[in-house]
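Accompanying notes for the structure given below.
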Amino acid sequence: MRAYPILGVALLSSAGFAQTIGMNNWIHATADLDKTVQFYVDVFGVDKPAPPRPPNPAVPGLLNVPGVVLHVAILRFPGSAFGFELTYFGDAFGPKASRPRPTDPGAASLIVFVRDIDPVFAALKKAGAPFVTRSGAPVKNAENGHRNVIVRDPDGYFVLVEQVPPRAESPAGNLIGASMQLMVSDTQSTMNWYHDFLGFDLAGTTEFSSSPRLLDLVNLPAGAEIRGLSTTVPGTKARMYFYEFKGVERTPFRHRVPDPGTPAIALRVTDLDGLLARMKAAGTPVISAGGVPAQFSPTIRNIFVEDPSGFKIELYEQK
């Protein structure tokens, strides 16, 4: 059984199939790569990433944005099963960004698990991070004793910090893991899409619920409710959570991949051409130029699509 970071309820289980066989990175675009990298280094103490790699000529086609140049910094959180990829595409994309509400379908967040939230909270205050949590302080979950707070990073992207008891396999130090969180427009259509196309084993709560703690944590109005799904990304140990809200205003967050704050995920799949054919037949939006994969390297082909909530997914096949 597994608890949800926001809801604190138990995870159910179901069976899926394995179209997805791995994951590369959890991603979001930045307006200033150096500034955003420094934020995570200062607040969480992660190591500075390696210098950005040379531009890849396949990127304009992959994103369907002629002339765009990609710069990448990949952060590693101890105990996590994925890289946290920060991208930058040039100054032209900065002014076009807008910041979603934490309830908007297509918005996403990084979840960072820590032994002690207090030093991280102090670092967030020192960095001037905008707090989403209404009280501006960690909120305690009476059911499991976890303490949570939600902030925005320099690009308006959400970060949920959660204090949890360490496990036997947890790394030394305050950072002990990371997960991913996505807001969705509809739980059932999300479950169907991720299962049928990507083989995700999704399950969770079917009923909406609420609590004063939740209203404070996510800064929701009275009457707002939430329900959630959870999964392990096939072929990995990476946890991913999906939440749907009701009783609150929601606007789909559908920005271009290069726009600062836009989140995405890179998933390794089998039979990319067959998967794309099925997705297109079902009306899945395809972002990449011509609706065909880009040749990112001699062994990697990749393409961007959107899930039912507008969330950007980079599918890649490696041979």
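Laboratory data are not the source of any read-out in this text; all were calculated from the coordinates shown. Note that the structure is a prediction, hence the values are computed from the model and not measured. Counting neighbours? That spans all protein chains shown, and the Cβs are built from the backbone with ideal geometry, glycine included.
Under a point-charge model restricted to the Cβ atoms of Lys and Arg (+1) and Asp and Glu (-1), what is the dipole moment magnitude of the chain relative to its Cα centre, in debye to the nearest 20?
Roughly 240 debye, rounded to the nearest 20.
For the chain, what does the relative contact order come out to in percent, with C-alpha contacts under 8 Å and a separation of six or more?
Working: 764 pairs, mean separation 82.5, N = 319.
Relative contact order comes out at 26 percent.
Between Glu249 and Arg134, what is the label-point separation in nm under the 7 Å Cα-to-beta-carbon projection?
Going by the 7 Å Cα→Cβ label model, 1.6 nm.
Return the calculated 222 nm mean residue ellipticity for the chain, to the nearest 500 deg cm²/dmol, obtained by summing -39500 (n - 2.57) across DSSP H runs with n ≥ 4 and dividing by the residue count.
-5000 deg cm²/dmol
GNM on the chain, C-alpha springs below 10 Å: top fluctuator among Gly83, Gly283, Gly247?
Among Gly83, Gly283, Gly247, the largest GNM mean-square fluctuation belongs to Gly283.
Please pull out the direction-averaged projected area of the stretch 179-319, using the convex hull of its alpha-carbon atoms, in nm² to one decimal place.
Projected area, direction-averaged: 9.4 nm².
Compute the distribution of all C-alpha to C-alpha distances in the stretch 20-318, in bins of 5 Å from 0, and list the percent of pairs in each, rounded to whole numbers.
Pair shares across the bins are 1, 5, 11, 17, 19, 18, 14, 8, 4, 1, 0.
Among 190-196, 260-266, how do they line up by average Cβ neighbours within 10 Å per residue, starting with the highest?
260-266, 190-196
Name all residues of the stretch 32-72 having a backbone nitrogen under 16 Å from the label point set 7 Å from the Cα of Lys126 along its Cα→Cβ direction, giving them as ranges.
Only 38-47 fall inside the zone, counting backbone N under 16 Å.
Considering the dipole of the stretch 20-318 built from charges on the beta carbon (Lys and Arg +1, Asp and Glu -1) around the Cα centre, which of Phe253, Asn64, Tyr194 is farthest to its positive end?
Checking the options against the dipole of the stretch 20-318, the answer is Phe253.
Non-local amide H neighbours of Ala178 (under 5 Å, H modeled in plane, Pro and chain starts lacking H): which ones?
Ser80, Ala81, Phe113
How would you classify the stretch 62-218 from its alpha-carbon gyration tensor, with a ≥ b ≥ c the square roots of the eigenvalues: rounded for a/c under 1.5, else prolate if a/b is greater than b/c, otherwise oblate?
It is rounded, given that a/c, with a ≥ b ≥ c, falls under 1.5.
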